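Reviewing the structure listed below.
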Amino acid sequence: MLQLIDNIVEEARQYSPTTRDEIEQYRIKYLGKKGVLADLFGQFKQLPAEQKREVGQKINQLKQYVSGRVEEMLASLAGDDAREGSMDLTLPGHPVQLGARHPISIVRNQIIEIFSRLGYVISEGPEIEDDWHVFSALNFPPEHPARDMQDTFFIEKDPDIMLRTHTSSVQVRVMENEQPPIRTISPGRVFRNEAISARAHCIFHQVEGLYIDDNVSFADLKQTLLYFAREMFGQHVEIRLRPSFFPFTEPSAEMDISCQICDGKGCNVCKYTGWLEILGCGMVDPNVLEFNHIDSTRYTGFAFGMGIERVAMLKYQVRDLRLYFENDVRFLDQFQSAL
């Protein structure tokens, strides 16, 4: 496919249109909805994961070249028109460069769209919260380490006011104001007092989900997460659930997906296990239901939470979390094709 792209680049270089109509035909041929680049992006989706990075860069270089060539040819014609006294004064003074949506926004919207198909609604809440909504209503004991200064940005003490450490606080607000059936997801920004590194940041984004109704089971949770994983990463993806502990769910689990880089065979990214952790989940603890005035003898439910940065890292094979926050246009331009 690399040779094919090189041939297309050479063909694009040799073409020399001289009129606006010819330039427009040139643009449609390569950049149109049914053009050469659209066809290449269609073939790109079928490539093995190990080839996508190099091929993707080549395709983006071709796109940038053709876009730049079109602008240059139009500018040249505009110059000729100006010399002939027929300049089009309605044209912009400077070429308008198209931007790209941030990869976190792209993945966030994809997650919302997937769960919307299952009937989940979006709930939002404040980023500055109190102890009840962040910890107490979620069954965190008073001595839980997450309440310490090492993990939480406190704004005031007695009563504790803080930057939320998870979007579970939004779920508490939903349970306070609604009765089952409840089916909601809570995307948003969260904050934790952690050292910034390639795999951690003090600011990141989460999507947490909550489903409460009659006879909700762990099997419902597993099937929901399997559906999500395959819609996000492809139908070939497998999942596994490992026992874990969270104060607000019982039983609790962490979900892994088969590594997308090595197809589950084992590599340095998955530490040669073939699996990558993606989210935490479990059945809502009865105490949490009772704290929020929901009858735990009648209703059951499940909850899950994932980091959007983590999902984006796996989807786009980005190795350094800090790239998402640096606003480097060279990095962001790579995601134009994902719009």
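The values are calculated or read from the model by the stated rules, or taken from the named source; none is laboratory data. Please read these numbers as outputs of a predicted model, since none were measured by experiment. With ideal geometry, Cβ positions are generated from the backbone for all residues, glycine too; neighbour counts draw on all protein chains shown.
Data for the structure
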| quantity | calculated |
| --- | --- |
| Flag if Ser186 is surrounded by 14 or more Cβ atoms within 10 Å (Cβ to Cβ), modelled with pLDDT under 95 and closer than 24 Å to Ile294 by Cβ | no |
| Test: residue in the stretch 291-302 that is within 15 Å of the chain's Cα centre (by Cα), closer than 24 Å to Val170 by Cα and either charged (D, E, K, R) or modelled with pLDDT of 85 or more (or both) | no |
| Total residues in the stretch 251-268, condition in contact (Cβ under 8 Å) with a residue 12 or more places away in the chain and assigned to a loop (DSSP other than H, G, I, E, B) | 6 |
| Residues that are touching a residue at least 12 places away in the same chain (Cβ under 8 Å) and either hydroxyl-bearing (Ser, Thr, Tyr) or over 15 Å from Glu71 (Cα atoms) (or both), drawn from the stretch 7-18 | Ile8, Val9 |
| Total residues in the stretch 251-274, condition of a type outside the set (S, T, N, Q) and surrounded by 19 or more Cβ atoms within 10 Å (Cβ to Cβ) | 6 |
| Residue that is farthest from Ile122 (Cα to Cα), among those in the stretch 281-339 that are small (Gly, Ala, Ser) and touching a strand residue (DSSP E or B) at 6+ places or on another chain (Cβ under 6 Å) | Gly282 |
| Lone unmet requirement of (1) modelled with pLDDT under 85; (2) more than 15 Å from the chain's Cα centre (by Cα); (3) among the hydrophobic types (A, V, I, L, M, F, W, C) for Val318 | (2) |
| From the options Val70, Val66, Val107, Val55, residue that is within 30 Å of Val121 (Cβ to Cβ), in a helix (DSSP H, G or I), in contact (Cβ under 8 Å) with a residue 12 or more places away in the chain and in contact with a helix residue (DSSP H, G or I) (Cβ under 8 Å, 6 or more places away or on another chain) | Val107 |
| Residue among Phe153, Phe248, Phe228 that is of a type outside the set (Asp, Glu), surrounded by 13 or more Cβ atoms within 10 Å (Cβ to Cβ) and within 18 Å of the chain's Cα centre (by Cα) | Phe228 |
| Residue selected from the stretch 280-318 under the condition among the hydroxyl-bearing types (Ser, Thr, Tyr) and not in a loop (DSSP other than H, G, I, E, B), by the criterion nearest to Pro187 (Cα to Cα) | Tyr316 |
| Meets criteria (surrounded by 12 or more Cβ atoms within 10 Å (Cβ to Cβ), among the charged types (D, E, K, R) and part of a helix (DSSP H, G or I)) for Glu113 | no |
| Subset of the stretch 1-32 (residues that are aliphatic (A, V, I, L, M) and more than 36 Å from the chain's Cα centre (by Cα)) | Ile23 |
| Inter-residue pairs, beta-carbon under 6 Å, first in the same structural domain as Leu62 (by TED's automatic domain parsing) and assigned to a helix (DSSP H, G or I) and in the stretch 19-39, second small (Gly, Ala, Ser) and modelled with pLDDT of 80 or more, 6+ apart | Lys29/Gly35 |
| Residues (at pLDDT 80 or above and either among the aliphatic types (A, V, I, L, M) or over 30 Å from Arg189 (Cβ atoms) (or both)) located in the stretch 91-119 | Ile104, Ile106, Val107, Ile111, Ile112, Ile114, Leu118 |
| Every residue from the stretch 189-211 that is in a loop (DSSP other than H, G, I, E, B) and either within 19 Å of the chain's Cα centre (by Cα) or closer than 27 Å to Lys222 by Cβ (or both) | Ala198, Arg199, His201, Cys202 |
